[in-house]
Amino acid sequence: MPMKTADVQAAYAKYVFGNYTRAPIAIVRGEGSYVWDADGKRYLDLLPGLGVNGLGHSPPRVAAAINKQTASMLHIHNNYLWEQQPLLAKALVERLTGMNGAKAFFCNSGTEASEAAIKLARLYGKQRTPQKWKFISIANGFHGRTYAALSATGQQNLQKGFEPLLPGFSYVPLNDIAALEQAFDAETAGFMAEPVQGEGGIFICSADYLNAARALCDKHGALLMYDEVQCGLGRTGDYFAYQTLQAPAPDVIWLAKVLGGGFPIGAMLAREEIARLMVPGTHGSTFGGNPLACAAALAVMETIEQDNLLPHVRDMARHLARGLEALRATHAAKITEIRQVGLMVGIELTFPAKPILARCLAQGLMVNVTHDTTVRLLPAMTVRATELDDGLAIISRVLEEF
Ligand SMILES: Cc1ncc(COP(=O)(O)O)c(C=O)c1O
C-alpha cells in the first residue's frame with residue numbers, strides 16, 4: 001500500500017531538508033506528458049522534470065536501455081574502458097557545428113558541467129599567461145549552485161548568505177554589446193552565456209551579441225563558453241540552441257538535464273586543443289559517464305533521431321506560438337510579454353505569478369514560476385498539439401480568476 005500524501009508530507013517535514021518549495025502532491029507514476037498522484041489524479045505536465053524529461057516521462061527506449069544495461073554492469077570506474085562512453089561522446093560531438101575535432105567529458109549534473117568548464121577555461125587561460133583567469137557572465141543567468149557555478153550565476157538573491165564568492169567573476173547585461181566590450185580585458189579567460197536563459201525566465205541572446213562575444217573572445221584570447229544545460233539537446237528545434245539562434249560556435253559547451261532522459265548525467269564538449277589540457281589528475285568524477293548513465297543518454301540520442309523529434313519540436317513550437325498569441329490577446333491587460341524559442345516559453349505577467357501555480361495544479365496542470373512574474377513552460381519534445389492546447393486553456397481559465 002503506498003503511503004497517504006499527508007503521511008509522505010509529514011515524513012518530508014521530519015526527515016528531509018526544507019530547501020525546496022514542494023507542492024503537497026505525491027507523484028507515483030509518469031508517462032509522456034502526464035503524471036499521476038497517489039490519489040489517482042492525473043496532471044498534464046508542461047514542465048516535466050524541470051527540463052529533464054525532455055522525452056516525456058518514462059521514455060520507453062531509455063527505460064529499456066537502462067534495464068538492459070543493469071543486466072550486465074551498473075558501474076565501473078574511469079580507469080578502465082567501456083564502449084558506451086566513447087559512443088555517446090561521438091553521438092554528441094558529431095552533432096556540433098563549427099567545432100571540428102571536439103571531445104567530451106562526462107559528469108553527473110549541470111552544475112558539475114559548469115564547474116568543469118570553468119576549470120578547463122582557467123587551465124587554458126593560465127597556459128597563455130598566468131594573469132588570464134577571469135570570467136564574464138550574463139546578469140540574470142543561471143549556471144548552478146556550487147561555488148564556481150554560483151559565482152558565475154549573476155543573481156545576487158541566489159548568492160546571498162554564501163559570500164564571499166570566488167573572485168574574478170563579473171556580470172554584464174544581456175545583449176548589450178558596448179557593456180561587453182567594456183568588460184573584456186587581457187585577464188579575461190572566458191565569457192559564459194546561456195544562449196537562451198532558462199531559470200532567468202526565457203531571455204534570448206541575439207546572434208549579433210554572440211557574434212560580438214566571439215570577436216571579443218578571439219581578440220583577447222578568451223574562450224566562448226555556452227551553457228546549454230537547459231536550452232540544449234533539441235528543445236529549441238536543433239540539437240544545440242546556438243544552431244537555432246544562428247550564433248557562432250563556442251569553444252566549450254555543456255549539457256545535462258535532457259541528456260539522460262531522467263538519469264543523471266552531464267557533459268562538457270570542447271575543441272580538441274582545449275580538451276587536451278585536462279590530463280590525468282586535473283579533473284575527474286567517480287560516477288561521471290558510467291555505463292548506466294551512458295546507456296540512458298545513448299537511448300535519448302537514438303530517440304531524438306529515430307522519432308524525428310527535431311522537426312516535431314519545430315512543428316509544436318509553431319502551434320504553441322499561435323496559442324500563445326491568442327492567450328496574450330485574451331489577457332492583454334495581464335500579460336506584458338511572451339518570450340518563446342522552440343519549446344521554451346516565458347509568459348510575463350503584470351502581477352506576482354506564484355498564486356497561479358496552485359490554481360493550475362487544482363485544474364490538473366503543472367507549470368512553474370520563475371523570477372516572481374514569469375510563468376515558465378518547458379514541454380516535453382514529444383508533446384502533442386492537443387496537450388499544448390489543453391494546457392493553454394487551463395492557463396487562460398486560471399488567468400480569468402486574477
Ligand atoms: C543553464 C543551467 N546551467 C546549470 C544548471 C544546473 O544544473 P543541475 O541542477 O543539474 O546541477 C541549470 C539548472 O537548472 C541550468 O538551467
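Around the amide H of His57, modelled in the peptide plane, lie the amide H atoms of Glu31, Gly32, Ser33, Tyr34, all under 5 Å away and 5 or more residues distant in sequence or on another chain. Dividing the summed -39500 (n - 2.57) terms of all DSSP H runs of n ≥ 4 by the residue count of the chain sets its mean residue ellipticity at 222 nm at -11500 deg cm²/dmol.
Hydrophobic, long helices, defined as DSSP H runs whose alpha-carbon span along the helix axis is 30 Å or greater and whose mean Kyte-Doolittle value is at least 1.6, do not occur in the chain. Of all DSSP bridge pairs formed entirely within the chain, close to 65 percent run antiparallel. Dipole magnitude for the chain: computed about the Cα centre from +1 point charges on Lys and Arg Cβ and -1 point charges on Asp and Glu Cβ, it is near 540 debye. Between Glu187 and Asn100, the contour length at 0.36 nm per residue exceeds the alpha carbon distance by 28.6 nm. Beta bridges from DSSP with both residues in segment 73-306: antiparallel share about 40 percent, rounded to the nearest 5.
Shown here for segment 141-250: trypsin sites (Lys or Arg not before Pro) in loop regions (DSSP other than H, G, I, E, B) with at most 10 other Cβ atoms within 10 Å, namely Lys160. Each residue, Glu305 and Val279, gets one label point 7 Å from its Cα in the Cβ direction; the gap between the two is 3.4 nm. Stretching Asn211 away from Ala393 to a fully extended chain increases their span by 61.6 nm, per 0.36 nm per residue minus the current alpha-carbon distance. Per residue, the chain exposes 45 Å² of solvent-accessible protein surface, assessed with a 1.4 angstrom probe and all protein chains in place.
Largest accessible area first, the residues Tyr20, Tyr34, Tyr43, Tyr147 order themselves as Tyr20, Tyr147, Tyr34, Tyr43 under a 1.4 Å probe with ligands, DNA and RNA left out. Surface calculation, 1.4 Å probe, protein heavy atoms: Asp39 sits at approximately 130 Å² accessible. Annotation for Leu87 and Gln363: the two label points, set 7 Å from Cα along the Cα-Cβ direction, are 4.5 nm apart.
Our note on the geometry: Cα centres of segment 46-122 and segment 259-310, 2 Å apart. Pairs of Lys residues in segment 73-306 are counted when their Cα atoms are under 18 angstrom apart and they lie 8 or more places apart or on different chains; the count is 8.
Projecting the Cα positions of Leu298, Leu377, Gly141 onto the charge dipole of the chain (unit charges on Cβ atoms of Lys, Arg, Asp and Glu, taken about the Cα centre) puts Leu298 furthest along the positive direction.
Derived scalar couplings between HN and Hα for segment 223-229 equal 9, 8, 10, 10, 8, 10, 4 Hz in order, rounded to whole Hz, by the Karplus curve 6.51 cos²θ - 1.76 cosθ + 1.60 (θ = phi - 60°), x for Gly and Pro.
For Gln127 and Glu400, what is the calculated FRET efficiency with R₀ set at 56 Å and r taken between the beta-carbons, to the nearest 0.05?
Values: r = 59 Å, r/R0 = 1.06.
The computed FRET efficiency comes out at 0.40.
Taking 22 Å as R0, compute the FRET efficiency from the Cβ-Cβ separation of Arg22 and Asn157 and round it to 0.05. Once the sixth-power term is evaluated, E becomes 0.65.
The values are calculated or read from the model by the stated rules, or taken from the named source; none is laboratory data. Because the structure is predicted, anything quoted here is derived from the model rather than measured. Because the Cβ atoms are built from the backbone with ideal geometry, glycine has one as well, and the counts that use them run over all protein chains shown. The area values use the complete protein model at the heavy-atom level, side chains included, leaving out ligands, DNA and RNA. Shrake-Rupley method; radii C 1.70, N 1.55, O 1.52, S 1.80 Å.
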